[in-house]
Structure formats: C-alpha cells, structure tokens
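Presented below is the structure to which this report refers.
The values are calculated or read from the model by the stated rules, or taken from the named source; none is laboratory data. Only a predicted model underlies this, so the values are computations on that prediction, with no experimental measurement involved. Neighbour counts run over all protein chains shown; Cβ positions are idealised from the backbone, glycine included.
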Amino acid sequence: MVSPSVMRRRGSHLGASVLRPDGGPKAKGEFAFSSDMWMDGMLWGRTLRSPYPAALIKGIDVSPALAIPGVRAVISAQDVPGRKTFGLERADQPVFASDVVRYHGEPVAAVAADHPDTARRAAAAIRVDYEPLEPLVVAEAAINAPAIHPDGNVFRHIVIRTGDPTAVGDVVVEGTYEVGMQDQAFMGPESGLAVPSLDGGVDLYVATQWLHADRDQIAESLAMDPRMVRVSLAGVGGAFGGREDVSLQIHACLLALRSGRPVKMVYGRDESFFGHVHRHPAKMWYRHHANRDGELVNVEARIVLDGGAYLSSSNAVISNAVCFAAGPYRLANAKVEGWAARTNNPPCGAMRGFGAVQVCYGHEAQMDKLAAELGMDPVQFRLKNVLRRNDKMITGQVIKGTAPVEEVIRAAVSHPLPVPLDSSAEMMSLPGGAGMTADISDVRRGVGVAVGFKNLAYSEGYDDFTTARIRLDLSPQGEPVATVVIATAEVGQGFVTLASQIVRDLLGVDQVVLAPAGTEDIGSAGSSSASRQTWMSGGAIEHVCMMLRDSLLERAAGELDCPSSDLIMRDGEVSRESTAQRVSMTSLLAAGPLQAEHEFHHAKTQPLGVDGQGDAMLSLMFAAHRAVVDVDPDLGLVRVVQVTTGQDVGKALNPVQVTGQIEGGIAQGIGLAVMEEIVLDEGRVRNPSFTDYLIPTALDVPEVAATLIEEPEPGAPFGAKGVGEPPTISSGPAVAAAIRAATGLDVTRVPVRPQDLALRR
Amino acid sequence: MRVARPRTISEALSALDDNPGSQLLAGGTDFCVEVNYGHRRPEGVVCLRRVAELRDFEVGEGKVRIGAGTTYTEMVKRLSGVLPALAAAARTVGSPQIRNAGTLGGNVATASPAGDTLPLLAALDAEVVLVSSKARRVVPLNELITGVKTTTIGPGEMVAEVVVPRISGPQHFLKVGTRNAMVISIASAAVVVDLQAQVVRCGLGSVGPVPIRASRAEEMISEAIDWDDLSAPRAALERFGDLAAEAARPITDHRSTADYRKRAVAVIAARAMRRSLTRVT
Ligand SMILES: Cc1cc2nc3c(=O)[nH]c(=O)nc-3n(C[C@H](O)[C@H](O)[C@H](O)COP(=O)(O)OP(=O)(O)OC[C@H]3O[C@@H](n4cnc5c(N)ncnc54)[C@H](O)[C@@H]3O)c2cc1C
C-alpha cells in the first residue's frame, strides 16, 4: 500500500539493519526492567500457592498473616469484588482458588507487606486446610474422565476431513510421537507495580504482551470501568507467549486498592515457573500414505494436547495443531483429529510456534520414515510434495499468498556443511562439552532436515486489530517531530526500532518518538504474539503515515496553489515536479501540528466449518532447517553442531533483527529437542528452577547460517511476513532427525533424554 | 544480622565462637541460593573471602595442601600440572562467575552427592583439616561426609585445608550432565593411576549419597594393567566399567534414572581408564 507519491528516502531506513535503541542499555545492565521499579512507600506483594495439583479447600485462615507486624493486606477469593475468574478465551480460571485447586502452584491468597521477607513469611503463615485429591494427569484419560471443572474436561475437539480419508497408498508408515512440556523461560520474571490513583482507580505498570487484554480482565475482576484501570508497559525481559495470560496483574491491583499503597510484585525464578502457562505437551499418532513414485496420498493423525487445568489459549493452539498437522505438503486426502484436554497439570497456553511446533515433530518424522521406506532422499521426497501458491491446505484454504516452501528447503540445505569430525576437534566441543566425556572415536555425526509452517496473526475469524496515532509537530528547536502513540508491547522483538524506521521512511521525519505504551490514551494494539506485530502494528503505523502524508500534501497544495496530485513527498519535503517548487515539512507544520489515528484490521478470516474446512488463516510463514549433530551414543549425549535455515520472510525490514529472531528461535527450538522440559510427577512440578530446567548455554547453541527468502507477501504492509515463530518450529525436528541419522534409533519423544538413547542400544 | 569480616583464621574462629548462630560464607554459591529459596536463615555470617590464609596452597614432596578458600578458577589455573583431574573437575563447575566465587571448602562442606571435587578427593583418600578455637583435627573425607549434604563438621569448626597425596601418573575426571556446560552432574568418575605403587584409584560422584570408591574395579584393573608399558586389554577396561557400575548406588530423580546413572558410570569410568593408558590391547 506504499503509494507511488511517497518516495523512499535515500539510504532507505526500511530494509536497513538499524540498531535497536534498547540494545546498548540492555547489554550494559542499564535498561530498567519491570522488576527494577520502585516507588516511595510501596509495599511488596506475595502470592500463596497450592502445594497440591488437586485438592479441596476446606478453609482458609488469614488471621495469622494479618497478625504479623508490617502486613498491610491479605486477600483471597472472597475479596475479589467483580468477576472471580479470568482467561483469554473464556474466564474459566479463578483469580484465587476458593473451594478447589486444580494445579500445583494455583494462587490461593496474596499479601502485601512493608518488606518482601515479611510478605513471604505472612504468605507462609496463612493456614489453608486442604483435602488432597487424586490428580487427573493424563490428557487422553481426561477426555472421558469425570469432569474436574464445571466446563468439562475437553476444551476443544476438532476433526479435519478432506478428500477420501480412507485412501490407501502403496507405502504406509505409522508412528506415535510425544512432546514434553516446554517453558518460555524468559529471563525477566513476572513483575509489576500497582498504584492506587486519586480517582479510585488503579495504575498498573507491568511486563506483559497485551496491555488491553490485561486491562479488561483486571477491570472485570475489580468490577471497575476499564477506563479506571490504566495499564502501562514496564520493561519486558522476554515473553515468548508466557506473558499473554494474566499472572500477577489482578492480584497486584487488588492489593494496592485494599492497602491504599503502591504494591510491587516480583516473582522469584521458582515462582515464575508456576506463574505462567507453558507449551502444551502433545501425544500424536500418525499414519502416512504415499505412492511408489513418492507422492503423498493420505495423512491420518490423532493429536492430544494437554491443556492443563485452565483454558488459556488451548482452543486456538489445538486449532493450529490440526490445521498444520500434515506439514507444508500437498495432500488430496486427510483426516486429522485433535483434542485439547483439561488435566490437573499446570495450565498450558501460548508459546512461540503455538501448536505448529508439536505437530512438526510428528509430520517430519513421518516424512523421513516414508522417504526411507520409498528409498528416496528425504529432501527430494519433500520437494516432490511441497505446497505451492494456489495449492490447497487440508483445511480447504487455497494459499493466495506466497509459499516459497521449495525455496526455503533448497536454501537450508545449500549452506556448506561444517568441517567433518576429526582429531583436531576440541574435546569441549564434543557431546558432553565441559564434562569432557567423549573422545572422537565415541562420537557419531548425523544430519537431518525438517520443514514447518504456521499462520501469522489470529485466525478463525478473530479480529485482532491494532490502533495507532501519530502527531506531527515542531520541536522547540523548530524541527519536525513525529510522536507515535501505540499500545504495542515491546517484548524484545524490536518493534520500537521498526516503528521508527517506518515513520522515518514514510514521512521523512528524523525525530521519531514512541510514547510509552499504555491503555490510557489509545485503543488496543493486540498481542505481541503470533508473529503479528510487524504486519498489524507496522500496518497501522503505515496507514497513519499515509493519512498524515495526505494532510501534508493538502497543506502544501494550498500553499503552492495547485492540486495535491501534482505533488510528491520525499525526504520530509513536498515538491512540485513541474515547477521545482518545494515546501519543507517545517514550514508546513508552522500552521500547527497534524494528528491522525487509525484502527487497522487485517483481512477477514473464517471460522473452521464442517470437517474443519475454511479460510481460517491470514497468511502463512514457512521455514526449513538442516541440523548437524554429534551424538555420543553410549552416553546418549548430544551436541548440535550447526543449524542452517531458509526462511520465508516476505521482506526483511531490518535484517539484523530478523537474524536475531532466527538465532534466538533456533536456540529455543533445539532447547525443546534436547533438554528443555518441565518435569511433572503426578501433577507436581519437579524442576522449577534454572538449576534443573535446562536451557541452552553458549556451548549448546550451534553455529547458525540463515538465508532469507524475500518474496513480498501480497496484502502485507511492506510485503513483510512475521519472522518470530518459524525458527522455533522445524529447528527442533531437524535436530531429532539428525539424532536418528546418527544413532539409527527412532527418537519418538522430545526432549531426547540421555537415557532414551543410551539405554536402547 | 551480624556480619563478621575476619582477616585471619583465628579471627574467623573467634567470630564463630562469639556469635554461635553465625554461619560461614565463602563464595556464597551454595549459601546464597539456599537463602534465596528460604531454606537457610542465618542469624549472622562470617565472611571468609578476606582470609588470605585460606587461599594458601602448597605442593610438597609427598603431599599437596589446598586451602579451603581456593576458588575453582584458581584450581584450573594453578593445579593443572600437579592435580590435573582436580583442575578438570573445577573446569566443569558452573559458569565463569561461579568458578570465580565458589571454593573447594564450600564444595566439601556442602557435601552434595553432585559436588564435583569430591570423587577425585575420595579417590585420593583426601584428608580434611578442621580447625576450631579449641582444636585442630584431621578427618579423612570418607569419615567427614556421612550422607547427602551431611558432615561431621561441628559447631565452631571450619575447613582450613584439604590434603591429598602427591601421586605421579595420569589422572582424569569425566562428568555427565544433560547440557554441555553449567550443569549438575548426573554421574561422574575420577581415575588416578599411581605409577609408583602400581595401583589405580577410582572415585564416583552423583551415584550415591556420598562419593563412592570403586574398590573392586580398582583391584581388578591394577592387576590387569601391564605396568611396563601401561597397557591393558579391552576386556579389562569394560570389566572396569562394569565393576564401577556395580559399586554405584544411584537413585532415580527428576534429573535422571538409576539405570542410566549406572550405565553412564560404567562408560565414563572405562573411558577415564582408557585415557590413562598408553595403549589398549
Ligand atoms: C549456578 C551454579 C552452578 C553450580 N555448579 C556446580 C557444579 O557444576 N559443580 C559443583 O560441584 N557445584 C556447583 N555449584 C555449587 C557450588 O558452586 C559449589 O558447591 C561451591 O564449591 C560452593 O562453594 P562456596 O565457596 O560458594 O560456598 P558457600 O556457598 O559460601 O558455602 C557453602 C557451604 O559451605 C560452608 N562453608 C564454606 N566454607 C567453609 C569452610 N571453610 N569451612 C566450613 N564450612 C564452610 C558454608 O557455611 C555453607 O554451608 C553451583 C552453584 C551455582 C549457583
């Protein structure tokens, strides 16, 4: 939608690797994260959580906590004045458990005190009389088990049918796959500061992904007009989906209103593992059919996601899982059935890749199995079946946008392989790393390839719009300044950089200021998730820039006394080609500031109808990964040596930021493949710490080489697709494939544990 | 909270005597984690960082004495010649920050089954020198550590140094974890070959409540080695691993399984031995 009358500035700012403004301060420890906030007279909040995954609450006695000097407020379910529940899709999760707890770590009460240690002691002093129940912890069993919540145990059941689901191929392979529970493991734990305001409302400064969704849920529970609840973004230390749901937001506001004092809450690392949703564990059964010549014939699949105790975004995650279950391949026939079930495990919801990650492990393992069965090269076999533009997905949706699946695969596999293993390799770079467990002769190398895809923005008819406003004004020095007001959560993805790039590019204004993101002054920006903000918030800003450009051209037309169609805008100047007359932005703004606002909606999508058919997706993003791993089969230890990728980005608006997303996303993807898992024992979290929830270190993260495939996406602002999620989808499955290649084992469960390899030989 | 910042061992000991509720703080890498998790609530601390005497170390004719305050970084730097397996164990510990702060004395006093210096110290029959304002006593490591994170260190006592015999011959330490760095051991093994005495010593970590000596494995391999050229048959190496695994008494927990730990110990003990030999026949 870039109109021809706006010319790119020389040395265009869009497409350049502009460095992010918060990069230096973050590296130097100067950036203020939400946990750094401080206010005179503030109290410290603390949550009391259930030690049981399932229990009845027979009674709660808060008086011992209230008796502790320095304790200013103690609250539990009965103190929630409005709606007692919250939730992104449906409010099925109690703000505080009242009569029953459904997961280990569920909040039961909260306190505010003068000192964090007093708050900790006070929370521990609250007496809760629990009657433990047998927890329901197996998702498949939960589907038909007695309901553990009034809404039942099945969040959603979806069936996708297309063509003849009974079609049989010459070659049939079957497999069952399992994915463990991954955590977002963001570095900055949940934290926020709630301040009671003079008008009886509350101001909350919090690290979140979606300010307005927080605001609306808080207001419901406070029984307050949403305008009385002002939520502002505080410095976010990573999110990855884990900050989409409410964590401490309602608790902190309740405590602030109850005590009449500012209340700060910061989760410790252990509490953080209980404070947010996780990636859904999955169990998947697949049967793939192909013809002798290597053409896919049919995919049958059953997918069960463990949604944990409350809904969160399970309905959307299972929808993604079934829609992408067959992978980015052409299929005439398919039957995919999916369930998201409620259990007494920790709630699961959004995490980078959102349902597409889990099924990618399944479909890619199956593709390799089929290739082996057919005696075909796994890459050639995939290339023979890839989706292309105008092909149909199994949901019946015809892909109208770009679908460079072949290109991303070819790019991923065309990077040079790493130097072969030889005796010059440093022992520390072998599997086992610093533990020095392997000699070269103990190590086998393997290579694997995987391809994945996912949609951008929300699907199934959801209208996740973004609002933006820009004011053009002159600074006291008389220079044009653009102030952007938008509630987009900068969670590390680099939106702030991109927003300035867009404004500079389109309006030619050098000084671009982003107003602090908050709910008070502007409508929703939607969530910083689903790889959507470049499209949605970028699109909103683009649109407002065009509105302002029109206003500037109008003003210039008046000044030059000509039709505005004779004018063009370039480098912050309006000029008339025919007469070489020019008017600077400064003089145009001398007549007064300009302001424009727009609510940007993406093209409508449809709900999934009968047989799971419908144009539910806005746009698709594809990526392929090739992983090279070294495995020590006797010890079952793995080192990922290299991951190369081709990624469909539409257009790279800031290549260094795209590369950052790719490198980080791959680290998170391989984390799930080889180490990241919340270990549960009958519903109890066994490893809520970075001592035992392992994430990759510098010695675990491989060399990464990426090729960006730039085919502008029709309808997308600037032709750009989202880039945040695809790196996390097929990188892990490529690692699993490489481990299979190195060991000859089938690897049906991730993360791959040492015992899964070493004890099966 | 009382904070004492002594400069000498005797000042430290009197600070302990004067404030009986006080606890010793060395690098704080175990201590502070426990405080953060609310598992430890000291009434006072006696900080050992300024006690220079605790950082002494001495390589004598027959013995090496290592001050309790020696950090992992110092062990890596200064001990790789005389105690290469201790330097290797120190290198596996945590991250650079942890290695700069964490100390040998803290590792011994914490007495975690996963303490990475302990398998080698066990293999060397290390002696721990404990001092108090009243007495000085020398306790063999296997008597000092009595169970998971329990020791016979008494109130008012502190670890002053650890003494190990100086042994010439190859030595190796291997540690298995689910990540390539900064990971708690799920099994570890130290092997020390004493060329003079013609015996092999082997200590195992994370496979029992306390560090374990694989005595039968030691005896078997010491017999099987051809000491003239320091070689041994492949079958003896495998047997060495199997006997080490038999000595292990691992548990299943959230980090790993007992079966895997046994397997891992067999593999790494055999590999440590293989690396110590000039030739496998
Ligand atoms: C991120 C991280 C990673 C880690 N990785 C490893 C690892 O890989 N391997 C490993 O073995 N450990 C590891 N640890 C644990 C820890 O670093 C070690 O056990 C370390 O040796 C403890 O030493 P310190 O000097 O920090 O002891 P402190 O934490 O100061 O003290 C630990 C205990 O010892 C007592 N103490 C200290 N000095 C003396 C003394 N001289 N006499 C008597 N008692 C004393 C203290 O009172 C306390 O009870 C890790 C810890 C962290 C936080």
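Restricting A:GLY636, A:GLY650, A:GLY646 to those that are under 30 Å from A:LEU757 (Cα atoms), away from every other protein chain (no Cβ under 14 Å) and surrounded by 24 or more Cβ atoms within 10 Å (Cβ to Cβ) reduces the list to A:GLY646.
Considering the conditions (1) within 30 Å of the chain's Cα centre (by Cα); (2) within 14 Å of chain B (Cβ to nearest Cβ), A:SER619 is excluded by exactly one of them, (2). If only residues of the range B:182-209 that are surrounded by fewer than 24 Cβ atoms within 10 Å (Cβ to Cβ), more than 12 Å from every other protein chain (Cβ to nearest Cβ) and out of contact with any Pro (no Cβ under 7 Å at 6 or more places or on another chain) are counted, the one that is nearest to B:ARG249 (Cα to Cα) is B:VAL199. Within the range A:422-444, being touching a strand residue (DSSP E or B) at 6+ places or on another chain (Cβ under 8 Å), within 23 Å of B:LEU277 (Cβ to Cβ) and more than 10 Å from every other protein chain (Cβ to nearest Cβ) holds for one residue alone: A:VAL443.
Looking across the range B:56-77, the residues that are modelled with pLDDT of 95 or more, within 16 Å of the ligand (Cβ to nearest atom) and touching a strand residue (DSSP E or B) at 6+ places or on another chain (Cβ under 7 Å) come down to B:ARG65, B:ILE66, B:GLY67, B:ALA68, B:GLY69, B:THR70, B:THR71. Counting only helices (runs of 4 or more DSSP H) wholly contained in the range A:680-761, the ones carrying 1 or more residues that are within 9 Å of chain B (Cβ to nearest Cβ) and more than 18 Å from A:VAL359 (Cα to Cα) occupy A:754-758. In the range A:69-85, the residues that are on the phi > 0 side of the Ramachandran plot form Cβ pairs under 8 Å with partners that are surrounded by fewer than 18 Cβ atoms within 10 Å (Cβ to Cβ) and of a type outside the set (Val, Ile, Thr), at six or more places apart or across chains, as follows: A:GLY70/A:ASP114; A:GLY70/A:HIS115. Where strands (runs of 3 or more DSSP E) fall entirely within the range A:195-300, those with at least 1 residues that are within 20 Å of the chain's Cα centre (by Cα) and touching a residue at least 40 places away in the same chain (Cβ under 8 Å) are at A:202-206, A:229-233, A:282-290. Within the range B:260-281, being at the interface with chain A (Cβ under 8 Å from one of its Cβ atoms), touching a residue at least 40 places away in the same chain (Cβ under 8 Å) and not β-branched (Val, Ile, Thr) holds for B:TYR260, B:ALA264, B:ARG271, B:ARG275.
Remark: pairs (first residue in the range B:135-159, at positive phi; second residue within 12 Å of the ligand (Cβ to nearest atom) and not in a strand (DSSP E or B); Cβ separation under 6 Å; 6+ apart in sequence or on different chains) = B:LYS149/B:ALA111; B:LYS149/B:SER112; B:GLY156/B:LEU16; B:GLY156/B:SER132. Scanning the range B:122-137 for residues that are part of a loop (DSSP other than H, G, I, E, B) and out of contact with any helix residue (DSSP H, G or I) (no Cβ under 7 Å at 6 or more places or on another chain) yields B:LEU124, B:ASP125, B:LYS134, B:ALA135. Scanning the range B:156-181 for residues that are within 11 Å of the ligand (Cβ to nearest atom) and more than 14 Å from chain A (Cβ to nearest Cβ), we see that the one that is farthest from B:VAL199 (Cα to Cα) is B:GLY156. Here A:VAL641 meets the list (1) part of a strand (DSSP E or B); (2) away from chain B (no Cβ under 13 Å) almost entirely, failing just condition (2).
Does B:THR152 fit the bill of being farther than 20 Å from B:ALA190 by Cβ, assigned by TED's automatic domain parsing to the domain that holds B:LEU86 and not basic (Lys, Arg)? So B:THR152 passes the test. Go through the residues of the range B:218-238 one by one and say whether even a single one is within 14 Å of chain A (Cβ to nearest Cβ) and closer than 14 Å to B:LEU204 by Cβ. No, the conditions are met nowhere in the range B:218-238.
Let's see how each residue does on (1) touching a Gly at 6+ places or on another chain (Cβ under 9 Å); (2) outside any helix (DSSP H, G or I):
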{"site": "A:GLY307", "(1), (2)": "yes, yes"}
{"site": "A:SER319", "(1), (2)": "yes, no"}
{"site": "A:VAL322", "(1), (2)": "yes, no"}
{"site": "A:PHE354", "(1), (2)": "yes, yes"}
{"site": "A:CYS360", "(1), (2)": "yes, no"}
{"site": "A:ALA372", "(1), (2)": "no, no"}
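Counting only residues that are touching a Gly at 6+ places or on another chain (Cβ under 7 Å) and surrounded by fewer than 19 Cβ atoms within 10 Å (Cβ to Cβ), the range B:1-19 holds 5 of them. The set of residues in the range A:449-508 being part of a loop (DSSP other than H, G, I, E, B) and more than 28 Å from A:LEU620 (Cβ to Cβ) consists of A:SER475, A:PRO476, A:GLN477, A:GLY478, A:GLU479, A:GLY508.
Taking the conditions exactly as written (closer than 24 Å to A:GLY242 by Cα and in contact with a Gly (Cβ under 7 Å, 6 or more places away or on another chain)), does A:LEU204 satisfy them or not? Answer is yes for this residue.
For (1) surrounded by fewer than 22 Cβ atoms within 10 Å (Cβ to Cβ); (2) outside the structural domain of A:PRO94 (by TED's automatic domain parsing); (3) at pLDDT 95 or above, each residue gets a yes or a no:
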residue: A:GLU244; (1), (2), (3): no, no, yes
residue: A:SER247; (1), (2), (3): no, no, yes
residue: A:ILE250; (1), (2), (3): no, no, yes
residue: A:ARG261; (1), (2), (3): yes, no, yes
residue: A:HIS278; (1), (2), (3): no, yes, yes
residue: A:PRO281; (1), (2), (3): no, yes, yes
residue: A:ARG292; (1), (2), (3): yes, yes, yes
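Does the range B:188-209 hold any residues that are under 13 Å from the mean Cα position of the chain (by Cα) and either part of a loop (DSSP other than H, G, I, E, B) or closer than 13 Å to B:ASP116 by Cα (or both), and which are they? Result: B:SER188, B:ALA189, B:ALA190, B:GLY203, B:LEU204, B:GLY205, B:SER206. When only residues in the range B:78-121 that are in a loop (DSSP other than H, G, I, E, B), in contact with a Lys or Arg (Cβ under 8 Å, 6 or more places away or on another chain) and near the ligand (Cβ under 8 Å from one of its atoms) count, which is nearest to A:GLY432 (Cα to Cα)? The residue in question is B:VAL93. Polar (S, T, N, Q) and surrounded by fewer than 21 Cβ atoms within 10 Å (Cβ to Cβ): does that describe A:SER63? In short, yes.
Residues in the range A:658-674 that are within 14 Å of chain B (Cβ to nearest Cβ) and surrounded by fewer than 24 Cβ atoms within 10 Å (Cβ to Cβ): A:ALA667 only.
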